[in-house]
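Mind looking over this structure? Questions follow.
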Amino acid sequence: MRIAAVETEQCRPEKCDNLCIRVCPVERTKPETIVIDKTTGKAKIDENLCIGCGICVNKCPFSAISVLNLPDEWSTTVVHKYPTSGFVLFWLPTPKKGSVLGIIGKNGAGKTTALKILSGELIPNLGSDNNATKSVVDFFRGKELQRYFSGLYSGNLRVAVKPQYLDQLRTQQTVKEYLDGKLGSPLIDEFSLSSVLSSRLDELSGGELQKVVIVKTIESEADAYFFDEPASFLDVKDRLIMGKAVRRLASLGKYVLVVEHDLVVLDYLADYITIVYGEPGAYGYVSNYYGVRNGINYMLLGYLPDINMRLRADQIVFYKHAAKAFIQSEEAFSWGAMSVSYDNGFKLTIQPGVAYNGKVVCILGENGVGKT
Ligand code: SF4
Ligand code: SF4
């Protein structure tokens, strides 16, 4: 099967004078092969007319087009196709009751789309113009997802979602108002949030806002809990608290799904791992689920042996010691003992130290103790 996708955010027909339409050889005889969509104002390619020559892919000045030939058997696993961009998501992660399913993969390969579908925010169209909920349940007949979607669409399965982007939550509402009804949560103390309860959401740091939204999600009455990148902005201590709280949900028999890039966090909190691979902006394919160790190792290896699929040309290898080529010993600069005091009483004491050329220094510590 062939997919022809246009990344709508990249496509700027007004800047290129519709270059893809002008260079497409099929356009001369079949002028509907590439059109500028009247609703979006962006290019749209008809995959049935496109012959896959790749000329438009190479000519587009904004690298907005992907034309790819994928295995024909994948056509039966199309879960959603965005009508405007042409992005296709193949298959879905399967949440498991009482377990934490971790999802890893490239950005732009469909992880967030998968979460939207599983949370009911997006009804998948199964690659056609049809997006009836009954077709979705039928599509997954005999699979665990059939039961899941039956519950979701009948209102018997409630979902709580911690979204990836939190900026839209930065309002003038106070934390206390936002967490109304959830102020008895032990997580407020564990996350040291008591001191910001009277603050407005738009005054919080990234880490504080992340923790507040995690508390709200975890304390919601739901059967399935989804966390999109919950470790972002959190320091090591808060990541552990978050991980334990997320695992508690699974121990209560809930469906728990976590999208995360940090392999250490996933190793800590997930029971299973699904890998989403593909071409950002063009397609995403959801793998089978694996045990955590195997899933992480396959991700590092860049290869899924069960379906003989290579994700990357190279493995990711961790060395016990830095590669010798990087180790140089010339001193770049040094500093003596010093301290910094702020009017609010905060005082930072700094020990003498040395920085070397060619070496990476890692500064590790809780948020709010003076790293910045
Ligand atoms: S896809 Fe590329 S070449 Fe085609 S209209 Fe958009 S920006 Fe221009
Ligand atoms: S890949 Fe070739 S045939 Fe297909 S839309 Fe682009 S230029 Fe036209």
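Can you pull out every residue in region 243-262 that is surrounded by fewer than 19 Cβ atoms within 10 Å (Cβ to Cβ) and either of a type outside the set (A, V, I, L, M, F, W, C) or under 28 Å from T77 (Cα atoms) (or both)? Spell out how you get there, then give the answer.
Step one: of region 243-262, the residues surrounded by fewer than 19 Cβ atoms within 10 Å (Cβ to Cβ) are 244, 247-248, 251-253, 261-262.
If the condition is that a residue be surrounded by fewer than 19 Cβ atoms within 10 Å (Cβ to Cβ) and either of a type outside the set (A, V, I, L, M, F, W, C) or under 28 Å from T77 (Cα atoms) (or both), then K244, R247, R248, S251, G253, H261, D262 are the ones that fit.
Another question, then. Testing E7 on (1) under 23 Å from the mean Cα position of the chain (by Cα); (2) within 16 Å of ligand 1 (Cβ to nearest atom); (3) open to solvent by less than 50 Å² (accessible area, probe 1.4 Å), one condition comes back false. Which one is that?
Result: E7 passes all but (3).
Being modelled with pLDDT of 90 or more and open to solvent by less than 10 Å² (accessible area, probe 1.4 Å) narrows it down to one of L152, L157, L145, so name that one. Talk me through it step by step, then tell me what you get.
Details: L152 fails: open to solvent by less than 10 Å² (accessible area, probe 1.4 Å); L157 fails: open to solvent by less than 10 Å² (accessible area, probe 1.4 Å).
The unique qualifying residue is L145.
Determine, yes or no, whether P280 is under 15 Å from the mean Cα position of the chain (by Cα), over 30 Å from L70 (Cβ atoms) and not small (G, A, S). Before the answer, list the steps.
Details: under 15 Å from the mean Cα position of the chain (by Cα): yes; over 30 Å from L70 (Cβ atoms): no; not small (G, A, S): yes.
Answer is no for this residue.
Please enumerate the residues belonging to region 164-208 that are touching a residue at least 40 places away in the same chain (Cβ under 8 Å) and open to solvent by 40 Å² or more (accessible area, probe 1.4 Å).
Selection gives Q164, L169, E190, S205.
Next up: Of the conditions (1) under 26 Å from the mean Cα position of the chain (by Cα); (2) open to solvent by less than 50 Å² (accessible area, probe 1.4 Å); (3) more than 14 Å from ligand 2 (Cβ to nearest atom); (4) at pLDDT 90 or above, S66 fails just one. Which one is it?
Just one mismatch for S66, condition (3).
How about region 33-47: which of its residues are among the β-branched types (V, I, T) and either in contact (Cβ under 8 Å) with a residue 40 or more places away in the chain or within 6 Å of ligand 2 (Cβ to nearest atom) (or both)? Can you show your working first?
Residues of region 33-47 that are among the β-branched types (V, I, T), as a first pass: 33-36, 39-40, 45.
Within region 33-47, T33, I34, T39, T40, I45 qualify.
Let me ask something additional. Please verify whether D235 is open to solvent by 70 Å² or more (accessible area, probe 1.4 Å), in the same structural domain as Y283 (by TED's automatic domain parsing) and modelled with pLDDT under 95, treating the condition exactly as stated.
Details: open to solvent by 70 Å² or more (accessible area, probe 1.4 Å): no; in the same structural domain as Y283 (by TED's automatic domain parsing): yes; modelled with pLDDT under 95: yes.
For D235, the condition - open to solvent by 70 Å² or more (accessible area, probe 1.4 Å), in the same structural domain as Y283 (by TED's automatic domain parsing) and modelled with pLDDT under 95 - is not met.
Could you go through region 302-318 and let me know if any residue there is under 29 Å from S205 (Cα atoms) and of a type outside the set (D, E, K, R).
No, every residue in region 302-318 fails to be under 29 Å from S205 (Cα atoms) and of a type outside the set (D, E, K, R).
Quick check: anything in region 91-106 within 16 Å of ligand 1 (Cβ to nearest atom), among the aromatic types (F, W, Y) and part of a loop (DSSP other than H, G, I, E, B)? Reasoning before the result, please.
Residues of region 91-106 that are within 16 Å of ligand 1 (Cβ to nearest atom), as a first pass: none.
No - not one qualifying residue is present in region 91-106.
Something else: Take the residues in region 16-47 that are assigned to a strand (DSSP E or B) and β-branched (V, I, T); name whichever of them is farthest from ligand 1 (Cβ to nearest atom).
Checking each candidate, the answer is V35.
Oh, and also: For K30, work out the one condition from (1) open to solvent by 60 Å² or more (accessible area, probe 1.4 Å); (2) away from ligand 2 (no atom under 14 Å from the Cβ); (3) at negative phi it doesn't fulfil.
(2)
Cβ-Cβ under 6 Å, sequence separation 6+ or interchain: first residue in region 271-295 and closer than 21 Å to K143 by Cβ, partner among the β-branched types (V, I, T) and outside any strand (DSSP E or B). Which pairs?
Going by the 6 Å Cβ cut-off, the qualifying pairs are I273/V292.
Now, a different point. I'm told C50 meets every condition in (1) assigned to a loop (DSSP other than H, G, I, E, B); (2) surrounded by fewer than 16 Cβ atoms within 10 Å (Cβ to Cβ); (3) within 16 Å of ligand 2 (Cβ to nearest atom) except one. Can you identify the failing condition by its number?
The number of the failed condition is (2).
Answer yes or no: is there a residue in region 13-23 that is more than 28 Å from the chain's Cα centre (by Cα) and at pLDDT below 90.
Filtering region 13-23 down to residues more than 28 Å from the chain's Cα centre (by Cα) leaves 13-23.
Checking which are at pLDDT below 90 leaves us with none.
There is no residue in region 13-23 that is more than 28 Å from the chain's Cα centre (by Cα) and at pLDDT below 90.
Can you find, within region 119-132, the residue that is modelled with the lowest pLDDT among those that are open to solvent by 60 Å² or more (accessible area, probe 1.4 Å) and not acidic (D, E)? Outline the logic, then answer.
Here is the first cut: in region 119-132, the residues open to solvent by 60 Å² or more (accessible area, probe 1.4 Å) are 121, 129-131.
Now narrow it down to the ones that are not acidic (D, E): 130-131.
Working: N130: 67, N131: 70.
Step by step, filter region 119-132, then rank; the result is N130.
Sort through L19, L70 and tell me the only one that's among the aliphatic types (A, V, I, L, M) and in contact (Cβ under 8 Å) with a residue 60 or more places away in the chain. Talk me through it step by step, then tell me what you get.
Numbers: L19 fails: in contact (Cβ under 8 Å) with a residue 60 or more places away in the chain.
That would be L70, the only listed residue that is among the aliphatic types (A, V, I, L, M) and in contact (Cβ under 8 Å) with a residue 60 or more places away in the chain.
Confirm whether I65 is under 23 Å from P280 (Cβ atoms), within 11 Å of ligand 1 (Cβ to nearest atom), of a type outside the set (G, A, S) and without any contact (Cβ under 8 Å) to a residue 24 or more places away in the chain.
Judged against the criteria, I65 is not a match.
Let me ask something additional. Spot the failing condition for L89; the list is (1) touching a residue at least 24 places away in the same chain (Cβ under 8 Å); (2) within 16 Å of ligand 2 (Cβ to nearest atom); (3) touching a strand residue (DSSP E or B) at 6+ places or on another chain (Cβ under 7 Å), and only one is missed.
The one condition L89 does not meet is (2).
The values are calculated or read from the model by the stated rules, or taken from the named source; none is laboratory data. Please read all numbers here as calculations on a predicted model, not as lab measurements. Every residue, glycine as well, gets a Cβ built from its backbone with ideal geometry; the counts of neighbours run over all protein chains shown. Calculation scope for accessible area: heavy atoms of the full protein, side chains included, ligands and nucleic acids excluded. Shrake-Rupley method; radii C 1.70, N 1.55, O 1.52, S 1.80 Å.
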